[in-house]
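See below for the structure under consideration.
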Amino acid sequence: MDNVYDYAKTEKRLLEYWRKEKIYKFNPNSEKPIYSVDTPPPTVSGAMHIGHSASYTQQDVIVRYKKLRGFEIFYPFGTDDNGLPTERLIEKLKNVKAVKMDRQKFIELCLSTLKEIRPDFVNDWKKIGMSCDFDVFYSTIDEHCRRVSQRSFIELYEAGREYRKKAPTVWCPVCETAIAQVELEDKELESQFNDIVFKTEDGKDLIISTTRPELIPSIVAMFAHPDDDRYKGLFGKKAKAPLFDIWVPILPDEKAEPEKGTGIVMCCTFGDQTDIEWYKQHKLPLRISITKDGKMTDLAGKYKGMEIKEARKVIIEDLEKEGLLKGIKKIKHPVNVHDKCGTEVEILETEQWFIKYLDLKKEFLKSGKEMKWRPKHMRNRYDNWIKGLKWDWCISRQRFFGVPFPVWYCKNCSEVILADKKSLPVEPLKDKPPVKICAKCRCREFIPEKDVFDTWATSSLTPKIAAELFKNHKIFKKLYPMSMRPNAHDIITFWLFNTVVKSRMHDKVNPWKDIMISGWVLDPHGKKMSKSKGNTIAPQDILEKYGADVLRFWATNTKLGEDVRFREEDLLRGRKVLVKLWNASRFVNTFKTEGKTKKEHVTDLWIKSKLSKVIAKATKSLDEYEYSSAKKVIIDFFFRDFCDFYLEMVKYRLYSNDKASKNSAINTLREVLFDVLILLAPYTPYITDELYLILFSYKKSIHLEQWPISKKIRVSAEVRKTKYEEIGDLLVKVVEKIRKWKTDNKIGLGNEVEELTLSGVKELSNLKGEIKGIMKINKLNLKTSPKLKIN
RNA sequence: GGGCGCAUGGUCUAGUUGGUUAUGACGUCGCCCUUACAAGGCGAAGGUCCCCAGUUCGAAUCUGGGUGCGCCCACCA
């Protein structure tokens with residue numbers, strides 16, 4: 001064995017060895033119980049980030065543990081690589097603009113670029129030691145996923161769960177697509193209240209306060225609170241908007257808050273959610289003054305064609321010129337922006353596809369209760385989200401690189417023509433509809449749907465996508481619903497919730513039994529990492545500098561669900577552990593066993609009993625997904641009990657002439673080390689396998705071994721009488737005492753002591769020789785006074 | 001505004017069901033090249049466990065209230 005552990009060489013070699021030996025291969029014909037994992041498919045974004053490396057390690061530790069526990073592991077790997085994020089990535093990498101390109105060419109460019117970058121991207125996950133079967137692979141844009149996704153659409157349409165409707169929709173004017181409620185983000189923006197003069201029928205001034213004067217051309221009504229004395233007399237009358245000569249009714253509604261602004265508000269189609277509610281409730285007309293690309297429409301008259309913000313500025317200037325602007329108040333207020341691009345969203349009336357699910361809120365909440373959440377409190381986020389849902393799920397996107405809707409429309413009567421399920425996946429822009437003639441109106445011409453699915457419409461199907469990679473229906477039933485879904489807390493409302501929705505709708509089941517929610521990696525000050533702030537850490541650099549085991553050791557420091565601050569110093573602990581493991585193993589490896597143990601020694605029994613308790617605790621913790629507390633127990637044992645004490649306690653025996661005692665020590669060293677390596681294998685899979693292959697090598701890999709069982713130590717009644725557990729603990733205390741005494745007296749620990757008197761350890765009179773051997777004392781006197789003391 | 005979480009030596013952190021002296025790491029200081037390990041070993045100093053009140057023989061831990069920080073949601077005239 002080398003004196004120093006070369007992590008770089010070893011990790012590279014083992015990664016290849018595992019692949020070649022198919023250590024993590026899923027065997028669908030296995031008789032073992034299956035543990036199936038709905039692995040999160042990372043969004044292809046160029047490179048794995050530090051948050052990925054942490055959360056994927058956390059889940060991998062659990063999966064590796066389950067494998068050692070004897071489960072057949074179904075742990076697929078996929079990449080999420082369609083939709084807006086991918087379009088943005090490709091636009092950046094290839095310096096193109098999707099809107100300005102031929103659609104088909106852009107799609108081809110996306111596909112070819114993905115093919116280029118995907119292997120390197122996935123490779124990072126392999127390097128950190130993920131125990132996935134990387135042959136069970138999918139990409140959310142590949143043929144298989146398109147088929148599953150389109151079939152899901154058709155089935156839900158047939159089940160009456162989907163509808164297409166022209167309705168107010170949240171719209172991003174930069175990405176020029178509809179987006180879903182979940183894609184909204186808050187952003188605190190500088191703005192101003194503009195006090196604008198409207199005129200009543202009898203020519204009086206009516207001041208309203210608005211942040212969005214450019215929406216005046218969209219005004220359809222004015223509202224005040226029914227009890228607001230200032231405006232009570234005006235209800236039912238009309239008012240005229242400035243600059244545009246639009247007359248609108250003044251109406252009462254309780255949603256108008258007297259304290260806000262001047263207490264009277266203009267209702268425009270559409271400024272916000274309330275406008276939509278008023279529009280529906282009061283059956284107001286529709287006046288759209290903003291185009292899909294964020295410009296003013298014809299309705300805006302002389303402002304037509306201006307950008308929204310430009311129009312706002314010019315309108316304010318014009319109002320001022322006409323003396324219709326009574327005041328300006330600077331404010332900061334939260335605005336909904338698109339999470340992908342930060343643009344302030346608009347609400348436009350467009351034709352979109354929706355999944356109807358607001359009626360199923362109760363059922364979704366029930367599902368949430370049925371699944372086991374770790375940590376438990378994360379379910380609150382799921383519940384809160386469902387309770388706050390206001391929109392049906394808009395699944396259509398006016399984009400290019402995504403799974404197409406398997407739909408055509410009759411040119412004459414707009415009848416929906418669905419693709420034939422057998423011919424999926426289809427691409428309506430290229431493929432012909434399955435019928436030649438519209439059954440409803442006999443028309444022979446059809447219009448293909450151009451829209452693509454929201455990415456979550458596809459990724460919400462990952463449990464089925466993965467399980468259906470196997471054609472055999474029997475195995476599908478064993479894999480789905482899955483045992484466990486790991487995901488970070490930020491996508492509970494996206495991916496997790498949407499997956500529940502699909503599973504409930506399709507199969508009336510929950511997609512998984514357990515949910516494991518991991519936290520985020522923050523910068524050293526506890527702030528979110530982001531490229532724009534320049535505070536990101538590249539896991540690739542850590543892999544290079546410290547190796548995967550150290551990265552993994554660090555990633556499992558904090559409790560499940562907690563955010564971790566990244567500080568490079570914290571990596572050092574992991575490196576220490578590797579060095580210690582290597583050196584302790586190297587030491588153990590220098591001794592060869594000479595057959596079975598004949599008579600067990602007190603200290604040997606003591607360490608085994610400690611180990612047994614550690615195994616029990618670690619097992620219990622890991623069953624609850626508490627990888628960090630399990631690790632702590634194991635590492636504490638390894639460092640303190642095994643290295644600091646046991647190794648030192650047996651040295652004098654290892655170098656003695658008492659063969660039985662020596663052999664018992666060697667056997668115990670090997671037994672305990674063997675178990676320790678397995679206990680740590682989920683955390684540091686590389687070094688533990690390397691040491692296993694050097695010292696034990698019973699199987700092809702430590703990862704094919706069995707998790708140790710917390711065994712009762714079998715000893716004769718006579719031995720039990722020796723109370724080896726208590727005696728061992730006492731011996732540890734004595735060793736500590738003598739060490740301190742030696743240090744205090746500036747005597748090297750290796751130096752012999754001529755004579756020493758210990759008091760208060762009558763129980764150890766049988767172990768006098770032991771203490772002398774361990775602590776290198778020539779003459780030891782034991783006294784019986786009450787306190788453990790050195791005289 | 002609603003919900004959830006967090007608060008422990010200079011720094012980061014453990015502490016599942018209340019029980020002697022509160023865990024470990026980094027940093028600091030002292031000693032030691034002891035036949036696995038100097039990327040080490042041994043030892044030391046350093047804490048009103050955020051505040052207040054309560055329950056209890058006993059609270060870092062349980063209950064109530066407060067403060068600070070973070071996250072999610074709502075608000076967006």
Is there any pair linking a residue in region A:171-189 that is hydroxyl-bearing (Ser, Thr, Tyr) to one that is open to solvent by 50 Å² or more (accessible area, probe 1.4 Å), with Cβ under 9 Å and at least six apart or on different chains, and which? A:Thr177/A:Lys292
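Out of A:Lys387, A:Lys330, A:Lys361, report the one residue that is outside any helix (DSSP H, G or I) and in contact (Cβ under 8 Å) with a residue 24 or more places away in the chain. Talk me through it step by step, then tell me what you get.
Values: A:Lys387 fails: outside any helix (DSSP H, G or I); A:Lys361 fails: outside any helix (DSSP H, G or I).
Exactly one of A:Lys387, A:Lys330, A:Lys361 is outside any helix (DSSP H, G or I) and in contact (Cβ under 8 Å) with a residue 24 or more places away in the chain, namely A:Lys330.
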Looking at A:Glu648 and the list (1) surrounded by fewer than 16 Cβ atoms within 10 Å (Cβ to Cβ); (2) closer than 16 Å to A:Tyr683 by Cα; (3) in contact (Cβ under 8 Å) with a residue 24 or more places away in the chain; (4) not polar (S, T, N, Q), which single condition is not satisfied? (2)
Would you check which residues across region A:188-246 are out of contact with any helix residue (DSSP H, G or I) (no Cβ under 8 Å at 6 or more places or on another chain) and acidic (Asp, Glu) and list them? A:Glu188, A:Glu190, A:Asp195, A:Glu201, A:Asp202, A:Asp205, A:Asp227, A:Asp228, A:Asp229, A:Asp245
Please go through region A:318-338 and pick out each residue that is away from RNA strand B (no atom under 14 Å from the Cβ) and open to solvent by 80 Å² or more (accessible area, probe 1.4 Å). A:Glu320, A:Lys321, A:Glu322
Could you please find all residues in region A:594-628 being closer than 28 Å to A:Lys372 by Cα, touching a residue at least 40 places away in the same chain (Cβ under 8 Å) and either assigned to a loop (DSSP other than H, G, I, E, B) or open to solvent by 40 Å² or more (accessible area, probe 1.4 Å) (or both)? A:Lys613, A:Ala616, A:Glu624, A:Tyr625, A:Glu626
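Collect the residues in region A:209-223 that are part of a strand (DSSP E or B) and either more than 15 Å from RNA strand B (Cβ to nearest atom) or polar (S, T, N, Q) (or both), keeping them in residue-number order.
Hits for region A:209-223 are A:Ser209, A:Thr210.
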Let me spell it out: the conditions are (1) open to solvent by 10 Å² or more (accessible area, probe 1.4 Å); (2) away from RNA strand B (no atom under 14 Å from the Cβ); (3) not hydroxyl-bearing (Ser, Thr, Tyr), and A:Ile515 meets all of them except one. Which number is the exception? (1)
Within region A:390-419, track down each residue that is charged (D, E, K, R) and not in a loop (DSSP other than H, G, I, E, B). A:Arg397
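Could you say whether any residue in region A:437-451 is touching a Ser or Thr at 6+ places or on another chain (Cβ under 6 Å) and in a loop (DSSP other than H, G, I, E, B)? Step through it out loud before you land on a result.
Quick first cut of region A:437-451, residues touching a Ser or Thr at 6+ places or on another chain (Cβ under 6 Å) only: A:451.
Pick out the ones that are also in a loop (DSSP other than H, G, I, E, B) and you get A:451.
The answer is yes; a qualifying residue exists.
Please enumerate the residues belonging to region A:160-173 that are under 28 Å from the mean Cα position of the chain (by Cα) and either in a loop (DSSP other than H, G, I, E, B) or of a type in the set (Val, Ile, Thr) (or both).
Quick first cut of region A:160-173, residues under 28 Å from the mean Cα position of the chain (by Cα) only: A:170-172.
Once the filter is applied, which keeps residues that are under 28 Å from the mean Cα position of the chain (by Cα) and either in a loop (DSSP other than H, G, I, E, B) or of a type in the set (Val, Ile, Thr) (or both), region A:160-173 yields only A:Val170.
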Is it fair to say A:Lys199 is in contact with a Lys or Arg (Cβ under 7 Å, 6 or more places away or on another chain), open to solvent by 50 Å² or more (accessible area, probe 1.4 Å), away from RNA strand B (no atom under 13 Å from the Cβ) and not aromatic (Phe, Trp, Tyr)? yes
So which residues in region A:128-148 are under 30 Å from A:Val550 (Cβ atoms) and not in a loop (DSSP other than H, G, I, E, B)? A:Phe137
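Could you list, in sequence order, all residues of region A:743-755 that are assigned to a strand (DSSP E or B) and farther than 19 Å from A:Glu648 by Cα?
Step one: of region A:743-755, the residues assigned to a strand (DSSP E or B) are A:753-755.
Within region A:743-755, A:Glu754, A:Glu755 qualify.
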Residues of region A:95-127 being more than 28 Å from A:Tyr56 (Cβ to Cβ) and in a helix (DSSP H, G or I), which ones? A:Ala98, A:Val99, A:Lys100, A:Arg103, A:Gln104, A:Lys105, A:Phe106, A:Ile107, A:Glu108, A:Leu109
Considering only region A:521-544, state which residues are within 13 Å of RNA strand B (Cβ to nearest atom) and crowded, with 17+ Cβ neighbours inside 10 Å. A:Val521, A:Leu522, A:Asp523, A:Met529
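Return the only residue of A:Asp623, A:Asp604 being within 15 Å of RNA strand B (Cβ to nearest atom) and of a type in the set (D, E, K, R). Give the derivation first.
On the way: A:Asp604 fails: within 15 Å of RNA strand B (Cβ to nearest atom).
Exactly one of A:Asp623, A:Asp604 is within 15 Å of RNA strand B (Cβ to nearest atom) and of a type in the set (D, E, K, R), namely A:Asp623.
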Residues being open to solvent by 50 Å² or more (accessible area, probe 1.4 Å), within 21 Å of A:Cys341 (Cβ to Cβ) and of a type in the set (Gly, Ala, Ser) - total across region A:86-127: 0
Looking at (1) surrounded by fewer than 20 Cβ atoms within 10 Å (Cβ to Cβ); (2) among the hydrophobic types (A, V, I, L, M, F, W, C); (3) within 30 Å of A:Ser701 (Cα to Cα), which one does A:Met130 not meet, given that it meets all the others? (1)
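Regarding A:Leu677, is this residue open to solvent by less than 40 Å² (accessible area, probe 1.4 Å), in contact (Cβ under 8 Å) with a residue 24 or more places away in the chain, within 13 Å of RNA strand B (Cβ to nearest atom) and part of a helix (DSSP H, G or I)? Even if it seems obvious, please write down each step before you answer.
Working: open to solvent by less than 40 Å² (accessible area, probe 1.4 Å): yes; in contact (Cβ under 8 Å) with a residue 24 or more places away in the chain: yes; within 13 Å of RNA strand B (Cβ to nearest atom): no; part of a helix (DSSP H, G or I): yes.
No; evaluated as a whole, the condition is false for this residue.
Each row is one residue, and each column tells you yes or no for (1) more than 6 Å from RNA strand B (Cβ to nearest atom); (2) among the aliphatic types (A, V, I, L, M).
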{"site": "A:Thr558", "(1), (2)": "no, no"}
{"site": "A:Asp563", "(1), (2)": "yes, no"}
{"site": "A:Arg567", "(1), (2)": "yes, no"}
{"site": "A:Arg575", "(1), (2)": "no, no"}
{"site": "A:Leu578", "(1), (2)": "yes, yes"}
{"site": "A:Leu581", "(1), (2)": "yes, yes"}
{"site": "A:Ala584", "(1), (2)": "no, yes"}
{"site": "A:Thr590", "(1), (2)": "yes, no"}
{"site": "A:Gly595", "(1), (2)": "yes, no"}
Count of region A:488-501 residues which are over 20 Å from A:Ser53 (Cα atoms) and open to solvent by 10 Å² or more (accessible area, probe 1.4 Å): 2
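Going by what's in this entry, would A:Lys740 be described as open to solvent by 60 Å² or more (accessible area, probe 1.4 Å), without any contact (Cβ under 8 Å) to a residue 24 or more places away in the chain and part of a helix (DSSP H, G or I)? Walk me through how you get there before you give the answer.
Values: open to solvent by 60 Å² or more (accessible area, probe 1.4 Å): yes; without any contact (Cβ under 8 Å) to a residue 24 or more places away in the chain: yes; part of a helix (DSSP H, G or I): yes.
Considered against the rule, which asks whether it is open to solvent by 60 Å² or more (accessible area, probe 1.4 Å), without any contact (Cβ under 8 Å) to a residue 24 or more places away in the chain and part of a helix (DSSP H, G or I), A:Lys740 comes out as yes.
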Quick check on A:Phe637: is it more than 10 Å from RNA strand B (Cβ to nearest atom), assigned to a helix (DSSP H, G or I) and under 23 Å from A:Gly574 (Cβ atoms)? yes
Might you let me know whether region A:19-31 holds any residue that is more than 16 Å from RNA strand B (Cβ to nearest atom), touching a residue at least 40 places away in the same chain (Cβ under 8 Å) and surrounded by 21 or more Cβ atoms within 10 Å (Cβ to Cβ)? yes
Working only within region A:349-383, note down all residues that are of a type outside the set (Asp, Glu), more than 16 Å from RNA strand B (Cβ to nearest atom) and open to solvent by less than 60 Å² (accessible area, probe 1.4 Å). A:Thr350, A:Gln352, A:Trp353, A:Phe354, A:Ile355, A:Leu360, A:Ser367, A:Met371
Inspect all residues belonging to region A:33-56 and state whether any of them is part of a helix (DSSP H, G or I) and without any contact (Cβ under 8 Å) to a residue 24 or more places away in the chain. no
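The values are calculated or read from the model by the stated rules, or taken from the named source; none is laboratory data. A quick note: this is a predicted structure, and the numbers were derived from the prediction, not measured. Note that we place each Cβ from the backbone using ideal geometry, even for glycine, and neighbour counts take in every protein chain shown. Calculation scope for accessible area: heavy atoms of the full protein, side chains included, ligands and nucleic acids excluded. Shrake-Rupley method; radii C 1.70, N 1.55, O 1.52, S 1.80 Å.
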